[in-house]
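To start, the structure itself, in structure tokens.
Rule-based calculations on the coordinates, nothing more; no lab input. Remember, it's a predicted structure, so these values are computed and weren't measured experimentally. Counting neighbours? That spans all protein chains shown, and the Cβs are built from the backbone with ideal geometry, glycine included.
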Amino acid sequence: MKNKNTLIIIAIFIILAIAGVFLYMKSKPLDGRTNDPTVNNKSVVGSVRDALTQKLTLTCEFTDEEGTIVKSYIKNGAVRISSTKEGREPTEIIMKDNKMYIWDTETHEGFVYEIEDETEDSKDGVNTMMNIDSNFYLDMIDQYKDSCKVGTVDDSYFVQPSNIKFQDMAEFLNNLQNQAPQIETPNE
């Protein structure tokens, strides 16, 4: 009787072990890849623009070739970038709702401007210049996308601060252009 109980326990143990191995092999892909996107590829996303359209939440931290430490956060189609270079105050940027807010934390002053849809034709050179700027920052993050990880980011990171005086960039450039002395061209 004692041998029968021992054999039954051993048989149950062997059946459970075989079932465990079977379930483990079934959950593991045959080509050796895992389901974890950070293991399969170096990067979590194909591009930053993909992360924006897919409304992913990512945190990225890297140092660029000029020694600037860049921390960027992406959530629900918005981007927050904080860049710090040794000896300087950080520059902060928020891109959301087709606007880009950029400010200096030391002076508490900054600019805001509309980001043009890439498919629209620009009515003036100001918006085109600003769109190039926003693309520059997205391309910079894209260059270091391997540093990005899926994470949690508080919504408050994407709210423009109330202690910063923002000036509309298009209005600023128009005022600057209107104040510039007009150069008359000689009649030919």
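Look at 162, 83, 72 and count the other Cβ atoms within 10 Å of each Cβ; fewest to most, that gives 162, 83, 72. Measuring between alpha carbons in the structure, the pairs from 55/96; 99/145; 145/165 lying more than 21 angstrom apart are 99/145; 145/165. Amide hydrogen proximity for residue 168: with H placed 1.01 Å from N in the peptide plane, the residues at 5 or more positions away or on another chain lying under 5 Å are 112. Remark: the range 88-95, residue by residue, has Karplus-estimated 3J(HN,Hα) of 10, 6, x, 9, 10, 9, 10, 10 Hz, where x stands for each Gly or Pro and the curve is 6.51 cos²θ - 1.76 cosθ + 1.60 at θ = phi - 60°.
The amide H of residue 99, built 1.01 Å from its N in the peptide plane, has 115 as neighbours under 5 Å, considering only residues 5 or more places off or on other chains. Near residue 105, the amide H atoms lying under 5 Å from its own belong to 92; only residues 5 or more places off or on other chains count, and H is placed 1.01 Å from N. Return the sequence-ordered ³J(HN,Hα) values of the range 46-53 in whole Hz as given by the Karplus equation 6.51 cos²θ - 1.76 cosθ + 1.60 applied to θ = phi - 60°, using x for Gly and Pro. Karplus values, whole Hz, x for Gly and Pro: x, 7, 5, 4, 4, 4, 5, 6.
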